[in-house]
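Visitor: One structure, pasted below without further comment.
The values are calculated or read from the model by the stated rules, or taken from the named source; none is laboratory data. All values derive from a computational prediction rather than experimental measurement. Heads up, the Cβs are rebuilt from the backbone with ideal geometry, glycines too, and the neighbour counts pull from every protein chain shown.
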Amino acid sequence: MKKHQATGWGFALALAVIAGCGTTASEVHVDANQTFYGSVIELDGAVDAAGLRAALTENGRAQVRFEGEVTATCAKKGCWMDVASGEDTVFVRFLDYGFFVPTEGAEGKRTIMEGEAFFDTLTVDMLKHYAEDAGKSEEEIAGITEPELRLAFTATGVMIED
């Protein structure tokens, strides 16, 4: 009888693991030397940061495809990344935290994202949280005392070249 109960719990645990992993597994797609996170996106027609800024002049928000180089990712979960393009570094988050990117190894790689670009004011608390996520020192975190207006992006899909 105890053996049957243990098997029942094992079955329930297996179902929970499968249900929990189903979403994550469908969000990563590898194609040749490109890995897609979130939605698999078209890669043609991506703009750089200058094009991104131009798209924002009309109403402050724009649905675009954006291209740059990954300079940092959240070291804890992969829930954000910084992407350099031209003179700008764009702060990228992922729609509804529906997917994540690698926590390490993406730096220096080309990326294309699709989603919404906008300007965002990051509060001191948010900046300190992101600095902590990035593994910054206590001194660097304590030095954050002013909010920051940043070019930001909420991605529905991301491609990172391998």
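Visitor: Please go through the stretch 51-80 and give me each residue that is within 13 Å of Arg150 (Cα to Cα) and either within 10 Å of the chain's Cα centre (by Cα) or assigned to a loop (DSSP other than H, G, I, E, B) (or both), ordered by number.
Guide: If the condition is that a residue be within 13 Å of Arg150 (Cα to Cα) and either within 10 Å of the chain's Cα centre (by Cα) or assigned to a loop (DSSP other than H, G, I, E, B) (or both), then Gly60 is the only one that fits.
Visitor: Let me ask another. Which of the residues spanning the stretch 67-83 are touching a Gly at 6+ places or on another chain (Cβ under 9 Å), at pLDDT below 95 and not charged (D, E, K, R)?
Guide: Within the stretch 67-83, Thr73, Ala75 meet the criteria.
Visitor: Related question: Exactly one condition in (1) small (Gly, Ala, Ser); (2) touching an Asp or Glu at 6+ places or on another chain (Cβ under 8 Å); (3) under 19 Å from Leu149 (Cα atoms); (4) touching a residue at least 40 places away in the same chain (Cβ under 8 Å) is not met by Gly86; state its number.
Guide: Failing condition for Gly86: (4).
Visitor: Here is a further query. Which residue, of Ala49, Ala72, is within 21 Å of Asn33 (Cα to Cα), out of contact with any Cys (no Cβ under 7 Å at 6 or more places or on another chain) and of a type in the set (A, V, I, L, M, F, W, C)?
Guide: Sole residue among the options that is within 21 Å of Asn33 (Cα to Cα), out of contact with any Cys (no Cβ under 7 Å at 6 or more places or on another chain) and of a type in the set (A, V, I, L, M, F, W, C): Ala72.
Visitor: Within the stretch 29-72, which residues are under 18 Å from Pro102 (Cα atoms) and acidic (Asp, Glu)?
Guide: Correct list: Asp31, Glu67, Glu69.
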